[in-house]
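First comes the structure, then the notes that go with it.
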Amino acid sequence: MNRLLLSLLFALSVGSAALAEPVKVVMETSKGDIELSLDQDKAPISVANFLRYVDEGFYNGTIFHRVISGFMIQGGGMGEDMQKNPTHEPIKNEAKNGLKNQRGSIAMARTGDPHSATTQFFINHKDNTNLDYPSFDGWGYAVFGKVTKGMDVVDGIAATPTAVKNGRRDVPVETILIKSVKRVETK
């Protein structure tokens, strides 16, 4: 009887989770706006983490600090001074969620530790199947949404000339500011 009840509760929780609407946010950058649709069904931890920082205003004034054309654009962790901003605790890696590192998808950036993602994210500039679970380290990079408007802005950022700055490679010569990231009200 307990197994049946647990199975029913699990089925109900999975069923109700599948009904969740994607959350939309707009990232206003110095190069234009990027609208993102976040998949809270398949990446609930990553989406909740990202939205926590959005709601706190954390991303306002950060930069795209790593840009590699034909690969990805990365931001969300550093200010214009190239210093890392303080973060909350890292989150669990959700790369097994079935979402793919395809052109226009947004994923959590991390260190060599699979469970080290905090604020930094990247938007794939091309299909990067090598980053999908299980990837080269048995984990991969957790995709949690996709660009729904503004891929031309992503392309523009990806085309920006880069250099070495403060010992970091692939830093845009021209600062690309994330002015704000805000939730979009859906009807």
Scanning the stretch 83-94 for residues that are under 14 Å from residue 111 (Cα atoms) and buried (at least 19 other Cβ atoms within 10 Å of the Cβ) gives 91, 93
Checked 180, 135, 105 against criteria (surrounded by fewer than 21 Cβ atoms within 10 Å (Cβ to Cβ), under 16 Å from the mean Cα position of the chain (by Cα) and hydroxyl-bearing (Ser, Thr, Tyr)); the one match is 180
Screening 68, 34 for residues that are among the β-branched types (Val, Ile, Thr), modelled with pLDDT of 95 or more and either more than 19 Å from residue 122 (Cβ to Cβ) or surrounded by fewer than 19 Cβ atoms within 10 Å (Cβ to Cβ) (or both) leaves only 68
Just a yes or no: is a residue in the stretch 50-64 crowded, with 17+ Cβ neighbours inside 10 Å, of a type in the set (Asp, Glu), modelled with pLDDT of 95 or more and farther than 30 Å from residue 167 by Cβ?
-> no
Given the conditions (1) buried (at least 19 other Cβ atoms within 10 Å of the Cβ); (2) among the small types (Gly, Ala, Ser); (3) within 17 Å of residue 133 (Cα to Cα), every one holds for residue 76 apart from (3)
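Inside the stretch 74-187, counting only strands (runs of 3 or more DSSP E) that do not spill past its ends, which hold 2 or more residues that are farther than 22 Å from residue 55 by Cβ and in contact with a strand residue (DSSP E or B) (Cβ under 7 Å, 6 or more places away or on another chain)?
On the way: elements: 105-108, 121-124, 143-149, 162-165, 168-172, 177-184.
In the stretch 74-187, the matching strands (runs of 3 or more DSSP E) lie at 162-165, 168-172.
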*asked:* With the structure loaded, tell me whether residue 118 is within 20 Å of residue 34 (Cβ to Cβ) and hydroxyl-bearing (Ser, Thr, Tyr) or whether it fails that test.
replied: no
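The values are calculated or read from the model by the stated rules, or taken from the named source; none is laboratory data. This one's a predicted model, so the numbers in the text were calculated from it and none came from an experiment. Ideal geometry is used to build each Cβ from the backbone, glycine not excepted, and the neighbour counts take in all protein chains shown.
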